[in-house]
Amino acid sequence: MLNGIQGLYHFYDSLLGFVLGVAIFFIPFAMGWVGAGDVKYLGVVGSLLGFHWLPRVLFYSALAGGVLAIAVLVYNRISLNMSNFVSDAWFDLKLAALSLGRILPGSVNARASRGSHVVPLGAAIGVGTVLAYYIDPRGTWAGF
């Protein structure tokens, strides 16, 4: 709404940024892969910066999330077994599709309480936003 003070174009840019930011994480949220706070956080980032910043923010957020995931693996001394992760995610997706959305996987909080290790995606989005806005504002490193 603050962007609306600058004119109608900025208001629409902000509104589209919010909608696109929420839409990007809607399917992962529905599948239980990300929390609702992460969805809202990306929506706010899209609203503040505008929709044209979201690809660059997501690029740097993915890089920061990868670094955080490696740090979590090293800190918890977890063996990396991707075959179990891929088969579990594929099973969750098939189950949700075949049941027409009536059976969904457990939430992120439920998985974390069972001892699953999660990566703080909100921190990755924050670091990605700072990198995209302050370090690479023209997108020369990201390529867009």
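The values are calculated or read from the model by the stated rules, or taken from the named source; none is laboratory data. Every value quoted in this text rests on a predicted model; they were computed, and no experiment measured them. Please note: Cβ atoms are built from the backbone with ideal geometry, for glycine as well, and neighbour counts cover all protein chains shown.
Checked against (1) modelled with pLDDT under 80; (2) not in a loop (DSSP other than H, G, I, E, B), G115 meets all criteria but (2). In a residue-by-residue description of segment 55-64, the property of being of a type in the set (G, A, S) and buried (at least 19 other Cβ atoms within 10 Å of the Cβ) applies to at least one position. Restricting segment 1-44 to residues that are buried (at least 18 other Cβ atoms within 10 Å of the Cβ) and of a type in the set (S, T, N, Q), the residue that is modelled with the lowest pLDDT is N3. Out of all the residues in segment 123-132, is one or more polar (S, T, N, Q) and modelled with pLDDT of 85 or more? Taking every residue of segment 123-132 in turn, at least one turns out to be polar (S, T, N, Q) and modelled with pLDDT of 85 or more.
Could you name every one of the helices (runs of 4 or more DSSP H) located completely within segment 1-83 that has at least 3 residues being under 21 Å from G139 (Cα atoms) and either in contact with a helix residue (DSSP H, G or I) (Cβ under 9 Å, 6 or more places away or on another chain) or hydrophobic (A, V, I, L, M, F, W, C) (or both)?
Hits in segment 1-83: 8-24, 36-49, 54-76.
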